[in-house]
Amino acid sequence: MKSYETSTITLTIRQMKYVLSTLAVIFIVSCLCPSVSAQHKGMDLGISVSTGRNFYDKKYYDQPQLVPGWETNFKTNYLWSAGMWTEKSLSPHFSTVIEFRFMEEDVPENMLCQCNTVLEVLDTDEKHHWATVETGLRYYIKPTSKLSLFADARAEINWLIAAPTERYFMNDLLAKTYVNWNAFGYKRFVPGVSLSLGAKWKRLTLNLGGMTNLARSMIRNPGTYNQVVHPIKTGFFGKGFFLKTSFTFIKLK
């Protein structure tokens, strides 16, 4: 078991290093290419909103039989995100994009914690709050067109901020909002990638794409969290699709 955990951690570290290296290379290219930036100095700043759906695969380790109520796959009931971005032109066809986003997703209750089966509580209305930083390259197929089509590829780091729920205690009929700031003991940072196709018209952009995690988010310390014995080691892996619209509110020359 220890060797398996060590290999999993090593793999995750390698994937994190790969994503961070990709982010660094793109940032350096966008900032330190005088021959390119001398001709194409344009930079846009804007905001974005998106919606979509994520699908998660939850894995239980060393469990020949699962307790009723422990789901292996679940999907979001809804999700939305809002962010700010900057796009810098590298050439007529290529540009770099950096974006910071906040996302809220609503999932079926008891997906991360299993609190309904190991505690004398009932959790409902479970949500996950994420912060994401992503960067990548955008390729415009015909940049001179009024409706410019493009393809977008990005690397991202997702930070699981918190997992708020509505919690009913067995000796109390009133629900209380309970915000778990340690994300029920799961690792907070998850690397990922996304691909999308879109169109840009004047200041408005619309794109449709998909994303996937590059690593499974695991329980940090199987055995205990919140002073409660966690019976098993678990991890979840996400992927999904999104529809995003963006608006450019500042154009720099």
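Out of (1) at pLDDT below 95; (2) within 24 Å of Ala183 (Cβ to Cβ); (3) surrounded by 17 or more Cβ atoms within 10 Å (Cβ to Cβ), the odd one out for Glu99 is which?
The single condition Glu99 does not satisfy is (1).
Given the structure, is Phe150 among the aromatic types (Phe, Trp, Tyr), more than 11 Å from the chain's Cα centre (by Cα) and either at pLDDT 95 or above or on the phi < 0 side of the Ramachandran plot (or both)?
yes
Would you list the strands (runs of 3 or more DSSP E) that sit entirely within the stretch 167-230 and hold 3 or more residues that are crowded, with 17+ Cβ neighbours inside 10 Å and at pLDDT 80 or above?
Qualifying strands (runs of 3 or more DSSP E): 189-201, 204-213.
Six or more apart or on different chains, Cβ atoms under 6 Å: show the pairs whose first residue is in the stretch 73-99 and closer than 30 Å to Asp57 by Cα and free of Cβ contacts under 8 Å to residues at least 40 places away in the same chain and whose second is of a type in the set (A, V, I, L, M) and not in a strand (DSSP E or B).
Phe74/Met111
In the stretch 71-81, is there at least one residue being modelled with pLDDT under 85 and either surrounded by fewer than 18 Cβ atoms within 10 Å (Cβ to Cβ) or in a loop (DSSP other than H, G, I, E, B) (or both)?
Yes, the conditions are met somewhere in the stretch 71-81.
The values are calculated or read from the model by the stated rules, or taken from the named source; none is laboratory data. Remember, predicted model here, so these are calculated numbers, not experimental data. Note that we place each Cβ from the backbone using ideal geometry, even for glycine, and neighbour counts take in every protein chain shown.
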